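Here the structure comes first, spelled out in structure tokens, and everything after it is commentary.
The values are calculated or read from the model by the stated rules, or taken from the named source; none is laboratory data. The structure presented is a predicted model; accordingly, all values stated were derived computationally and were not measured. Here the Cβ is made from the backbone with ideal geometry for all residues, glycine too, and neighbour counts use every protein chain on show. Please note that ligands, DNA and RNA were not included when accessible areas were found on the heavy atoms of the full protein model with its side chains. Shrake-Rupley method; radii C 1.70, N 1.55, O 1.52, S 1.80 Å.
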Amino acid sequence: MRRSSLLLATLAAHALHLHALEARSFVRRQGHCTKRQRRALRELWPAYGVDVPWNRTIDDVHALYGAPRARAVLDIGFGHGDSLAGMAAARPNDAFFGVEVHRPGVGSALLRCEERELSNVRVARIDAFTLLRDHLAPRGGHFDECCVFFPDPWFKEKDEHRRLIRPAMLDLLAVHLKPGGHLHVATDVDGYARHVEATLAADDRFVEARRATDARPDWRPETQYERRGAARGHAITDLTFALR
């Protein structure tokens, strides 16, 4: 192959990789913040919020909590914070780091943290891909667990590359989860559950540790999206994978 052709092929492959990594897994539907949510974003952010400007690198997640915690849990796309606050309240010795892009949801989560007087929660309003790729120290091993509960299923075939659980995300989690760490996924969409299992089965860094249908594990609080799905007759699937 001529050098120019080889260069073009390399650039094309790199562009495809970047496209897979950069494709947003969410839609920017900011919605309307209530007065209570606005108050929470204004007054509670200093206690719970983590600002992540473009040039910040978080060297030690535990340092965000003032003292080392037993385990560190990353909750991606926590919605209105039902699961985030519920898990943190049940596990006060563990650190919970929530990531969400939508302002009303962040405001609701802050209110839930205030109501429960939680000290083991921190929240960042940032895309999870951006956080994991650009703002965590590359030494990795920051988290013991990662939770992805009821992510956008992106039903249309042309949008499947936007699904949060995809090879590019697994590459990042393989760095930032500790060896033996767990990825927990819950969904009320059968097609998405199959997608998650197929994606993880194709990655020999992870092994399936648990699968349950309509048998929510005791440690996972019920979420607003879960109740909505169950009311529509959807089966709820919980999946757990371990990083080898």
- Message: With the crude spin-label approximation of a point 7 Å out along Cα→Cβ, what separation in nm comes out for Ala242 versus Ala63?
- Response: 3.2 nm
- Among 208-217, 69-78, 39-48, the order from most to least packed when residues are scored by Cβ within 10 Å on average: 69-78, 39-48, 208-217
- Task: May I ask you to give the percent of accessible area on the chain that is carbon plus sulfur, with a probe radius of 1.4 Å?
- Result: 52 percent
- Message: Here are a few candidate values for volume of the Cα convex hull per residue in Å³: (1) 161; (2) 151; (3) 112. Which one was actually calculated from the structure I just gave you?
- Response: (2)
- Check Asp60: other-chain or 5+ apart residues with amide H under 5 Å from its amide H, H built from backbone geometry? none
- Between Gln224 and Lys158, what length comes free when the chain is fully extended (0.36 nm per residue of separation minus the Cα-Cα distance, one decimal in nm)? 21.0 nm
- Asp214 to Ala137: extension gain in nm, 0.36 nm per residue of separation minus the Cα-Cα distance? 24.0 nm
- Task: Rounded to whole Hz and in sequence order, give me ³J(HN,Hα) for segment 130-146 from the Karplus expression 6.51 cos²θ - 1.76 cosθ + 1.60, θ = phi - 60°, writing x for Gly and Pro.
- Result: 5, 4, 5, 7, 10, 10, 10, 3, x, 4, x, x, 7, 10, 8, 9, 10
- Message: If I take R0 = 35 Å and measure r between the Cβ atoms of Glu114 and Asp204 in this structure, what FRET efficiency does the formula 1/(1 + (r/R0)^6) give, to the nearest 0.05?
- Response: 0.20
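Using only DSSP helix segments of four residues or longer, with each worth -39500 (n - 2.57), what per-residue ellipticity at 222 nm results for the chain after dividing by its residue count and rounding to 500? Can you show the working numbers first?
Values: 9 runs with 93 residues, N = 244.
Theoretical 222 nm ellipticity from helices: -11500 deg cm²/dmol.
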- Message: Taking a ≥ b ≥ c as the square roots of the Cα gyration tensor eigenvalues, with a/c under 1.5 meaning rounded and otherwise prolate when a/b beats b/c, else oblate, which class fits segment 137-208?
- Response: prolate
- Could you pull out the chymotrypsin sites (Phe, Trp or Tyr not before Pro) across segment 86-191 that fall in loop regions by DSSP (anything but H, G, I, E, B) with no more than 12 other Cβ atoms inside 10 Å? Phe155
- Taking every other residue with Cβ under 12 Å from the Cβ of Arg244 and scoring Lys and Arg +1, Asp and Glu -1, one gets -1
- Message: Loop-only chymotrypsin sites (Phe, Trp or Tyr not before Pro) in segment 172-244, please: DSSP not H, G, I, E or B, and at most 13 other Cβ atoms within 10 Å.
- Response: Trp219
